[in-house]
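A short write-up of the structure that comes next.
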There are 2 protein chains.
Amino acid sequence: MSSHQDDPTLDPQEQFTSLMRGLGTRTILHQQNVAASLGLYNNDFISLDILRETGPITAGELSKKTGLATGSITSLVDRLEKIGYVRRQNDPNDRRRVIIVPEYESKEEIRNTYEPLHKAMLNLASSYTPEELALISQFIGNASTVLEEQIQHLSSTTRSKSSKTTR
Amino acid sequence: MSSHQDDPTLDPQEQFTSLMRGLGTRTILHQQNVAASLGLYNNDFISLDILRETGPITAGELSKKTGLATGSITSLVDRLEKIGYVRRQNDPNDRRRVIIVPEYESKEEIRNTYEPLHKAMLNLASSYTPEELALISQFIGNASTVLEEQIQHLSSTTRSKSSKTTR
DNA sequence: ACTAATATCTCGACCTTCAAGATATTTTCT
DNA sequence: AGAAAATATCTTGAAGGTCGAGATATTAGT
């Protein structure tokens with residue numbers, strides 16, 4: 001993987017999408033590596049990441065966001081609770097619900113594992129002027145929004161085609 | 001996930017890393033959705049993506065790049081070969097080796113599934129001036145390099161700590 | 001030739017994931 | 001208020017991917 005698809009023969013826009021795809025592939029591989037080095041399963045780690053971003057949410061919401069079945073969430077939360085990364089909290093207003101509260105602020109392991117990437121990204125950021133960084137940040141936000149819309153679209157269309165043939 | 005961590009109280013650099021992390025989370029969730037909508041397992045789809053980028057590689061190289069055990073690669077390639085996404089080719093110079101050749105150019109399904117994202121990304125690209133897009137593209141390439149280095153670092157340090165306690 | 005190194009495959013064990021049903025709680029309707 | 005429907009999570013058993021170790025085949029080194 002020496003060249004990151006920076007094929008100069010492509011027109012700028014196609015080159016851009018190609019680069020974005022390469023970034024996506026590496027993002028996924030990196031995430032899998034981080035999860036493995038922490039001794040976590042991928043979905044467990046992704047769930048922690050979602051919880052970090054959203055704060056405490058119910059088991060059902062986590063099921064929707066991850067796309068996992070509710071039964072899978074139960075055992076996933078069991079695992080995370082056992083190692084102290086989250087805890088279950090009852091909702092006083094609706095006693096059916098279980099709120100999952102992230103508890104890994106104290107856990108240094110996750111922060112330590114992410115620290116090298118964080119530093120490297122800060123270092124990358126510092127190589128740009130404030131104006132450039134503002135543009136890049138604005139772009140990342142837009143790209144996130146695009147992805148979020150795509151996820152919505154995909155998960156809605158997938159649910160309708162229940163007549164899967166092979167596999 | 002209404003706000004993409006665009007917390008204005010953070011300093012610009014921390015805001016940037018926060019945005020990058022959000023982009024990563026969404027990238028992973030999107031990838032899982034795409035794989036599911038194609039009826040593929042995550043690692044199968046990731047492997048296709050790697051093959052698309054690298055071209056034909058051996059089973060061992062794919063094992064290294066994905067981090068999967070060689071035994072897993074065997075069944076993974078079995079699955080992909082059965083549905084016609086790849087084929088096995090013998091290396092005439094070294095008859096132990098098995099080269100995995102991507103065959104999904106003809107398969108429209110993958111392209112169709114990625115088409116909406118591709119279009120949306122092209123649309124996003126067109127909202128920037130050529131100079132801005134050049135800066136963004138250059139940044140994405142740098143970010144990819146950073147991630148690649150992190151993956152290298154993680155996979156080398158993980159292999160050494162074979163004394164995993166729990167799980 | 002013989003040994004070591006390399007590359008892939010086979011096999012059994014483990015464990016996540018899923019789907020469906022069970023349980024508990026809340027909401028709606030009469 | 002009381003019953004039925006809807007909601008939220010958990011339990012259970014089956015299915016199947018992943019891993020690790022050993023097996024097999026091939027190549028490289030002495």
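The values are calculated or read from the model by the stated rules, or taken from the named source; none is laboratory data. Keep in mind that what you see is a predicted model, and the values were worked out from it rather than measured. All Cβ positions, even for glycine, are placed from backbone atoms using ideal geometry, and neighbour counts span all protein chains on display. Note: accessible area is taken over every heavy atom of the protein model, side chains too, but ligands, DNA and RNA are not part of it. Shrake-Rupley method; radii C 1.70, N 1.55, O 1.52, S 1.80 Å.
Worth a mention:
- Cα-based shape type of the range A:12-127, given that a ≥ b ≥ c are square roots of the gyration tensor eigenvalues and the cut on a/c is 1.5: prolate
- Between B and A, roughly 7700 Å² of accessible area is buried in total, ligands, DNA and RNA not counted and the probe set to 1.4 Å.
- Ligands, DNA and RNA aside, A:S75 has an accessible area near 50 Å² when probed at 1.4 Å.
- For the set B:Y128, B:Y41, solvent exposure ranked by accessible area (probe 1.4 Å, protein chains only) runs largest to smallest as B:Y41, B:Y128.
- For chain B, the relative contact order works out to 14 percent when only alpha carbon pairs closer than 8 Å and six or more residues apart are counted.
- Where A:H153, A:H30 fall by accessible area, highest first, once all protein chains stay in place (1.4 Å): A:H153, A:H30
- Per-peptide average of other Cβ atoms within 10 Å, ordering A:51-59, A:86-94, B:64-72 highest first: A:51-59, B:64-72, A:86-94
- Rounded, prolate or oblate (a/c below 1.5 giving rounded, otherwise prolate when a/b exceeds b/c) for the protein assembly as shown by Cα gyration tensor: rounded
- A:I99 accessible area, assembled protein chains, probe 1.4 Å, Å²: 40
- Separation of alpha-carbon centers, the range A:117-132 and the range A:51-110, rounded to whole Å: 33
- Across peptide B:110-119, the mean count of Cβ atoms from other chains lying within 10 Å of each residue's own Cβ comes to 3.
- Teacher prompt: A:R87 distances to equivalent labels in other copies, 7 Å Cα→Cβ, nm: 6.0
- Looking at the protein assembly as shown, the DSSP beta bridges with both ends there are about 100 percent antiparallel.
- Residue with peak Gaussian network fluctuation, chain A [Cα springs, cutoff 10 Å], from A:L40, A:L48, A:L135: A:L135
- Using a 7 Å Cα-to-Cβ projection, B:E105 label spacings across copies, nm, ascending: 5.5
- Between this copy and the others, label points of A:A36 are 2.4 nm apart in ascending order, each placed 7 angstrom from Cα in the Cβ direction.
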